[in-house]
1. Among the residues of the range 219-242, what is the count of those that are over 21 Å from the mean Cα position of the chain (by Cα) and not acidic (Asp, Glu)?
2. Which one is nearest to Thr56 (Cα to Cα) among residues in the range 95-142 that are modelled with pLDDT of 95 or more and in a strand (DSSP E or B)?
3. Looking at Ala281, Ala269, which one is under 26 Å from Gly236 (Cα atoms) and in contact with a Gly (Cβ under 7 Å, 6 or more places away or on another chain)?
4. So, in the range 94-141, exactly how many residues are farther than 15 Å from Arg152 by Cβ and basic (Lys, Arg)?
5. Go through Arg152, Arg169 for me and flag whichever is part of a helix (DSSP H, G or I) and either modelled with pLDDT of 95 or more or over 29 Å from Val105 (Cβ atoms) (or both).
6. Suppose we filter the range 1-28 for residues that are outside any loop (DSSP other than H, G, I, E, B) and in contact (Cβ under 8 Å) with a residue 24 or more places away in the chain; how many remain?
7. Would a scan of the range 70-89 turn up a residue that is touching a Ser or Thr at 6+ places or on another chain (Cβ under 8 Å), touching a residue at least 60 places away in the same chain (Cβ under 8 Å) and on the phi > 0 side of the Ramachandran plot?
8. Name every residue in the range 247-289 that is small (Gly, Ala, Ser) and touching a residue at least 60 places away in the same chain (Cβ under 8 Å), in order of residue number.
Amino acid sequence: MAGRLIAIGECMVELMQAEGGLMRKSFAGDTFNTAYYARQYLPADWSVDYLSAVGTDMISDEMLAFMEGHGIGTAHVQRIEGRAPGLYMIHLKDGERSFSYWRSVSAAKLLARDGDRLRTAIEASDIAVFSGITLAILPAEDVGTLLAELRRARAAGKRVVFDPNIRPRLWDDAERMRTAITEGARAATLVMPSLDDETAHFGDASLEETIGRYRALGVEELVVKDGGKGATLVFGGETSHVPSAEVRRIVDTTSAGDSFNGAFLARLATGESPREAARFAADVAAAVIQHHGALVAKDRLPNG
């Protein structure tokens, strides 16, 4: 059955290490990465769109062409004069990554300024995906606008997917961060947190505490990711666990969670059970972290 997934957030210019001390340019960002991997595994009769904002400069042109070249629609990406995409650089040490960011004039910070545009885009979709980073980059009033439209979508029966993806450096206040993440979860039908984030920033003492906290907010479906320990699923009131896939050598953990999210949502949307979807998504994430960069070419991923 045909459908449409829309991912909401910020795509950035990505600089990653290459041979000889050189840097390689690409484009990535958490919700865009999720859209990319969902596109790899959704059938052709499904559309995948991105909702964001870019500038009117040359690098923005390149970014839009990159999205479209990978099958991701850009009709809901605004062009804003005087703004530009943000940029980040990946630093690697033993396969683990850290980042440097330059995003002070990022156009994506204005993606939720127009509530009517948001509503039109979300209403035309079956699945809407957003993250804690989406919320972190927005002005407080625009966070309210976005969450209101997502609550409307949830009430209309759409699947609203939220990855808290907690990045404290993006927030000016820890309590505001926790409040926004909590309200993001209230707007969602499916929440896909990482257990280490929840432990570090909400003080959860156990997996059960994380699940209980989100269930108390009215979240119907949960996928709690726990790195090499796998993922715990809560669907239909039943809890189950799916182990992680075997990884021969970790090269770059960038986009591990995003690729899991995209592959999981694609399989779930096309009728697989949550457990089947999570097993496949674990295989995809395992393949991704054995290569450099956030976006791994389709021929290096598990067959869909």
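The values are calculated or read from the model by the stated rules, or taken from the named source; none is laboratory data. All figures in this text were calculated on a predicted structure; none of them were measured in a lab. Here the Cβ is made from the backbone with ideal geometry for all residues, glycine too, and neighbour counts use every protein chain on show.
1. In the first step, residues of the range 219-242 are kept if they are over 21 Å from the mean Cα position of the chain (by Cα); the result is 236-241.
Going one step further and asking which of them are not acidic (Asp, Glu), we end up with 236-237, 239-241.
Result for the range 219-242: 5.
2. Ser106
3. Working: Ala281 fails: in contact with a Gly (Cβ under 7 Å, 6 or more places away or on another chain).
Every option except Ala269 fails the conditions.
4. 4
5. Values: Arg169 fails: either modelled with pLDDT of 95 or more or over 29 Å from Val105 (Cβ atoms) (or both).
Every option except Arg152 fails the conditions.
6. Pass one, the range 1-28, residues outside any loop (DSSP other than H, G, I, E, B): 3-8, 12-17, 19-21, 23-28.
Subsequent filtering for residues that are in contact (Cβ under 8 Å) with a residue 24 or more places away in the chain retains 3-8, 12-17, 23-24, 26-28.
So the answer is 17.
7. no
8. Taking the range 247-289 and keeping what is small (Gly, Ala, Ser), we get 255-257, 259, 262-263, 266, 269, 271, 273, 277-278, 281-282, 285-287.
Those that are small (Gly, Ala, Ser) and touching a residue at least 60 places away in the same chain (Cβ under 8 Å): Ser255, Gly257, Ser259, Gly262, Ala263, Ala266, Ala269.
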